[in-house]
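Throughout, read-outs are computed from the coordinates displayed, never taken from laboratory work. Model, not experiment: these values are computed from the prediction. Glycine also receives a Cβ, built like all others from the backbone with ideal geometry; neighbour counts cover every protein chain displayed.
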Amino acid sequence: MENNKNITAYERVQAARSGKRPMGGYYIDRMVDDFVELHGDRRYGDDGAIVGGVGFIGGKPVTVIAMERGDEITDRMRRHFGCPSPEGYRKALRLMKEAEKFNRPIVCFIGSSGAYPGIEAEERGQGEAIAENLFEMMGIKVPIISVVVGEGGSGGALALGVGDTVIMLENAVYSVISPEGCASILWKDSAKAADAAEVLKLTSRDLLGFGVIEKIIEEENRSAAEICSELKKTILAELSEKCAMSEKELLDKRYHKFRKIGA
Amino acid sequence: MDLLKHLGFGKDKEKEQAHDGIKIVCKKCGAETELSVMTAQSYVCSCGEYQRMPARARINSVVDKDSFSEMYGELTSENVIEFPDYEEKLEKAKKASGLSEAVVCGKCTIGGNECAIFVMDSSFMMGSMGTVVGEKLTRIFEYATKNNLPVVGFCTSGGARMQEGILSLMQMAKVSGAVKRHSEGGNLYIAVLTDPTTGGVTASFAMQGDIIIAEPRALIGFAGQRVIEQTTGEKLPEGFQRAEFMLQHGFIDLIEERGRMQYTLSKLLSIHS
């Protein structure tokens, strides 16, 4: 613990962004049995930055939606380095509605520097796609567990983050703006990102303190496999608690969980 | 000065004098126009260019005379995450805008139709949404849900407010929840997007209206133009992220001129009443 506290906010940002850090696909591979990937938004296309599908976690049927940046360079380019396009958010919503129809809970894995900033993404309504997810997720009648596993980059991350329980891995970060963006606005110098990371209060412990997230999965002295196993246990415990709730209780609690932030 | 008084300016002598001789410089043609004249023209320059409109002038330009009563005006922001220089920024914004925060909420009638209204103001920290803006918006939607009232919302914002960190980001979810509940109650929400509406506001309540109106040429989008250019290396097309572009791509219902906004809102509210 002592050691952990000495890690700076910016070191955590770098850890969260590391190319070696497991992203959504890793957790699907190791946590979800019989996973069947389901593609496309049935509107325009299939976004590689968001992987979705169905399977079992600990024997329980779930819908899983995960941000994924890919492995080698061509795969990463295809996935826009994990920055979702409107089609990705619309695919996610389509799969959430399918989960709702079959009364199956939803698990989301978040890790992205943000929604893709591109001409075509704007033409196809990046803002509208995120807005629609926030609006609809507030009313989805099955439990939603969101896990920030890497960088939680602003609205593009929140679009999968309206969960009944929001979990963060210890070294994941979650912020309204990147430290570089903040530093260039605040000090006209993106090189001061490390200072900006401190003032933004974007670490898992900061967010737990603010009541923005419910749980942290500790990472120190744990292998990726051990972290995954601990996360799986936590997700299953949350799912069994949320699945026991009535629809009304679930939705009221979800509403008030966000309602109380900054009230 | 009667006109100014009617429009919410110069509630006392001192303030009236303070506004004497104030000129608004058109961002397009550079012409200087007296504040009183500009107000009478609804902040449209003689050259036709739309100027950004203060919240109180906006309210007076669309609501029935004397029908507006403000709500939640007592809420003011604090430096919740101890962000550097935020208090000073808030003080400056209050002085520049004459407002306590970047959104003004209340109830009013428009063409005789009772409704709840919110109006954002870009002169208060670029209309950015922190916890107080989020709270005021949530409250006005909750009030409208409880009383089965339509909501008319004028949006203008640079997005979520950096100075309140993650708490600002969470306001997007919080307000979206209130809009959702208002909608589930069968109530109408008309969003009016004015220049500029970007970032986290576009990615939440600005795009959640049953009907979305935009002012001509208003900048409307999610990502910032410089960020898009830097990321993609592409040159942005002419008219990119303008109201006309959004209409062409199917994301807004209509573009309406400022001078006809009250009339159009009245018609839409009557049809839904």
task = First obtain the Kirkwood hydrodynamic radius of chain A from its Cα pairs, then insert it into the Stokes-Einstein equation at 37 °C and 0.692 mPa s, and state the resulting D in µm² per second as a whole number.
result = 178 µm²/s
task = Please identify the cysteines of chain B that lack any partner cysteine with a Cβ under 4.7 Å from their own Cβ.
result = B:Cys105, B:Cys108, B:Cys115, B:Cys155
key: Within chain A, helix-based [θ] at 222 nm, where runs of 4 or more DSSP H residues each add -39,500 (n - 2.57), nearest 500   = -13000 deg cm²/dmol
Dipole of chain B [Lys/Arg +1, Asp/Glu -1 at C-beta], most positive-end residue of B:Leu268, B:Ala102, B:Ala214 = B:Leu268
query = Structure shown: which of A:Lys60/A:Lys248; B:Lys28/B:Lys107; B:Lys23/B:Lys65 lie over 27 Å apart, alpha-carbon to alpha-carbon?
reply = B:Lys28/B:Lys107
note = Amide H neighbours of A:Tyr174 at under 5 Å, excluding residues fewer than 5 places away on the same chain, with H built from the backbone geometry, are A:Gly152
query = Over all directions, what mean area does the Cα convex hull of the protein assembly as shown project, stated in square nanometres?
reply = 24.4 nm²
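Grab the DSSP H runs of chain B that are 4 residues or longer, score each as -39,500 (n - 2.57), total them, divide by all residues and round the 222 nm result to the nearest 500 deg cm²/dmol.
Estimated from H runs of four or more residues: -11000 deg cm²/dmol.
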request  = Give me the net charge of A:Met245's neighbourhood, meaning all other residues with Cβ under 13 Å from the Cβ of A:Met245; Lys, Arg count +1, Asp, Glu -1.
outcome  = 0
key: Partners for A:Lys201 among lysines (Cα-Cα distance below 17 Å; same-chain residues under 8 apart left out)   = A:Lys5, A:Lys192, A:Lys215
